[in-house]
Amino acid sequence: GAKLLLHGLCSNTTVKSLDLKGNNLRTVGAEALGKLLRQNKSIRSLILEWNSLGVWEEGFSFFCQGLGANNSLQRLDLRNNQINHQGAGELAMALKQNSSLQELDLRWNNIGLLGGRALLNCLHSNKTLKRLELAGNNVPSDILKAVEQAMDHNQERQTILRETQNRTYILSKEVLSLKDEKTRQFFYLMDTIDKQREEIARSGRMSATQVSQLQEALDEQHSIMNSLKAKLQMTEAALALSEQKVHNLGELLNATKQEQSSTAERHFMELQQQKQEGVDRENKLLRDLSAASDKNLLLRNQVDELEKKCKVQQDQLFQVKQDLTNTTAELKLRAMQAEERLEAEKRRFKQSLEDMESLRLKEVDHMTQHMETSERSMQDRIQRLEAIRIALEEELSQVKAAALTERGQAEEELIKVRNQARLEEQQRLEHLEEKLRLMTESRDEAQHCCLKQKQMVAEAQAKASQLSLHADGLRRRLEELQQDLNSKEEEKVTEVNKVKVELQEQIGHLQAERTAQEGLREKIAALERQLKAQSSNHREALLDKEGEISLLLEKLRMKEADISRMREEEAQRASFLQNAIMAYVQGSPLGTHSSRR
């Protein structure tokens, strides 16, 4: 029945908790449980109390293999399952591979000393287990304390990991907000540049329309000159003035275009430099902050472990001292009592030496035997203390080796984090290079548009030169026709006055266009002022960020100084404790006794 039930639960995705307490599961049930743990990904709690799984070694080993392959179970109850030290070893191997289990209840089994040591050794590699119950398993108290310390260490590590994850999330949010602000500023500047370009294009169109209008006016004037040769002298001066104005306007337009293009390129280059500097500074700060946080966490963990080890050693030394003082006091009391008894017996037996010699000899033999037994017990106790001292030294060596392994693992994690940071930096650089490529393409397109406009202006100038040549030809014709026009001047004075009025109207139109151009210049100046104000605001923001960065660096320096001071104090404490232990061992009666032996 258990096999069928567990086989059906292998593909289930809704059951979160499973209670199989007191079902007498045997080898087949244990194997089915191992298969369930391998395939099911939804069960979070599994209760297997009162099932005697530890009796069936093969089935329990298969169950432990399934537990090692599981990555979803969080709570496991194995109370009263007759698990011995071999089953505890298999559980330890499974816990080394498991990375999701948080609570494990092994109360009222038969794990013993070897099983407790195996579970304690597996906790060096398992960092997710928060609670491990080992009551009623004949496990020594020192191993239980070490297990509790390992559980506390895992809980502290998980809390520190949560804090670091929260801090990294907050920092990433701040970095994203800064990036959004910078992109907004960049798009705003690009919009302003596009508006300026549109205004320049409009001004170019207006100038082209003006040139076309002037050309039409010139054609009309040529027709008027053919029909009314008397107007030629007055219109030549007007044409010369209009050509000069057109030339001046063309030069002014070219100068304004060049100035606007140069200012836009300068602002664009300054913005790119500022963005690159900001990104580099932010990356450097993030690297420094991550490295400093990792160093602080490692140093705190090492300091806590050293303090715990020192406290344990001090307690053990204090117990050893108390035992030695008690034993010496007992020996002195016994010696004093023996001396007092001997003196009293000597006083008594001085009067009756002859009668009580046999009794005195018996008592002397009894006292010598008692002294020999006491000396033997003291030697046994000294041997026990030496064995305890050797065990403590072995535990210290094991703790040092574990610390070295943890340090190597921490260094490997640091290397992994650095590699990830390098990959992220490379991706960001590639993204920035793509942005630069797009910006260069847009700049090339703008330059191409400017070149087209310059070609249009050059064509207009060529047309103007052709018109000037045509005007020279007309002048020559006018010189030939001046003799005929002298007779008709009086008749055409009225018509000349009309032409003057028309020219004055044209001059008024040109002045209006000049005022419009002045308005455009004022708009360009206002836009340049806005750009300067935005650049000054951006620089002030960068200065504020640099100030914050300097404050963070000072805090980091202060923390590093505190950590170095704590290291020096710990080194001094360790040396002082080592000297005290050596002095005590050399000056204690145990040391003198061992030297005499």
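Find how much the distance from S52 to N579 grows on full extension, using 0.36 nm per residue of separation minus their present alpha carbon separation; answer in nm with one decimal.
Full extension of this stretch gives 184.5 nm more.
Can you tell me the relative contact order of the chain? Whole percent, Cα pairs under 8 Å, sequence separation 6 or more.
8 percent
So how far, in whole Å, is the C-alpha centre of the stretch 163-231 from the one of the stretch 1-74?
Their Cα centres are 73 Å away from one another.
Give the residue from W108, S42, F60 lying farthest towards the positive end of the charge dipole for the stretch 1-139; charges sit on Cβ (+1 for Lys and Arg, -1 for Asp and Glu) and the dipole is referred to the Cα centre.
It is S42.
Would you work out what percent of the accessible area of the chain, with all protein chains in place, is carbon or sulfur (probe 1.4 Å)? List each step's numbers first, then the result.
Details: 21630 of 40800 Å².
Using a 1.4 Å probe with all protein chains present, the chain comes out at 53 percent carbon and sulfur.
Order 148-156, 567-575 from most to least packed using the mean count of other Cβ atoms within 10 Å. List each step's numbers first, then the result.
Working: 148-156: 15.6, 567-575: 11.9.
The densest-packed peptide leads the list: 148-156, 567-575.
In debye, nearest 20: dipole of the stretch 109-261 around its Cα centre with unit charges on the Cβ of K, R (+) and D, E (-)?
Numbers: 20 positive and 20 negative charges, 152 e Å.
Taking the Cα centre of the stretch 109-261 as origin, the dipole is about 740 debye.
Accessible area of V28, 1.4 Å probe, to the nearest 10 Å²?
Approximately 80 Å² of V28 is accessible to the 1.4 Å probe.
Under 14 Å between alpha carbons, and skipping anything fewer than 8 positions from K555 in its own chain: which aspartates and glutamates qualify?
Counting by Cα, and skipping residues close in sequence, K555 has these aspartates and glutamates nearby: D288.
Please report, in whole Å, how far the alpha carbons of the stretch 1-139 spread along each principal axis, starting with the longest.
That works out to 39, 30, 21 Å along the principal axes.
Can you give the calculated 222 nm mean residue ellipticity of the chain, where each DSSP H run of n ≥ 4 adds -39,500 (n - 2.57) and the sum is split over every residue, rounded to the nearest 500 deg cm²/dmol? Intermediate values should be presented prior to the final figure.
Values: 10 runs with 495 residues, N = 597.
Result for the chain, helices only: -31000 deg cm²/dmol.
Rounded to two decimals, what is Rg over Rh for the chain when you use alpha-carbon atoms and the Kirkwood radius?
1.40
State in Å² the accessible area per residue of the chain; use a 1.4 Å probe, count heavy atoms of protein chains only, and round to the nearest integer.
It amounts to 68 Å² per residue over the chain.
Give the residue from H85, A135, S99 lying farthest towards the positive end of the charge dipole for the stretch 1-139; charges sit on Cβ (+1 for Lys and Arg, -1 for Asp and Glu) and the dipole is referred to the Cα centre.
Going by the Cα projections, it comes out as S99.
Ranking request for peptides 31-38, 376-383: highest mean number of other beta-carbon atoms within 10 Å first, then the rest in descending order.
On the way: 31-38: 22.4, 376-383: 12.5.
The densest-packed peptide leads the list: 31-38, 376-383.
With +1 assigned to the C-beta of every Lys and Arg and -1 to the C-beta of every Asp and Glu, and no other charges, what is the dipole magnitude of the stretch 137-198 about the Cα centre in debye, to the nearest 20?
220 debye
Enter the accessible area of K229 (Å², nearest 10), with the probe set to 1.4 Å and all protein chains included.
80 Å²
How many Lys pairs in the stretch 1-139 lie less than 27 angstrom apart by Cα atoms, where the lysines are 8 or more positions apart or on different chains?
Here the count comes out as 21.
Nothing charged except the Cβ atoms of Lys and Arg (+1) and of Asp and Glu (-1): what's the magnitude of the dipole of the stretch 481-561 about its Cα centre? Round to the nearest 20 debye.
That gives the stretch 481-561 a dipole magnitude of about 620 debye.
Run through all the Cα pairs of the stretch 367-515 and give the fraction in each 10 Å bin from 0, expressed as whole percent.
Each 10 Å bin holds this share of Cα pairs: 8, 9, 12, 10, 8, 7, 6, 6, 6, 5, 5, 5, 4, 4, 3, 2, 1, 0.
On a full-extension model of 0.36 nm per residue, what is the gain between L429 and M151, subtracting their alpha-carbon distance, rounded to one decimal in nm?
Details: separation 278, 0.36 × 278 = 100.08 nm, distance 4.31 nm.
Net length gain for the segment: 95.8 nm.
Positive end of the dipole of the chain, charges at C-beta (+1 Lys, Arg; -1 Asp, Glu), about the Cα centre: which of M190, Q572, Q504 has its Cα farthest in that direction?
Q572
Not counting ligands, DNA or RNA, and with a 1.4 Å probe, what is M558's accessible surface area in Å² rounded to the nearest 10?
130 Å²
The values are calculated or read from the model by the stated rules, or taken from the named source; none is laboratory data. In this text the structure is predicted, and so the values were computed from the model without any measurement. Note that we place each Cβ from the backbone using ideal geometry, even for glycine, and neighbour counts take in every protein chain shown. Accessible surface areas use protein heavy atoms only, side chains included; no ligands, DNA or RNA. Shrake-Rupley method; radii C 1.70, N 1.55, O 1.52, S 1.80 Å.
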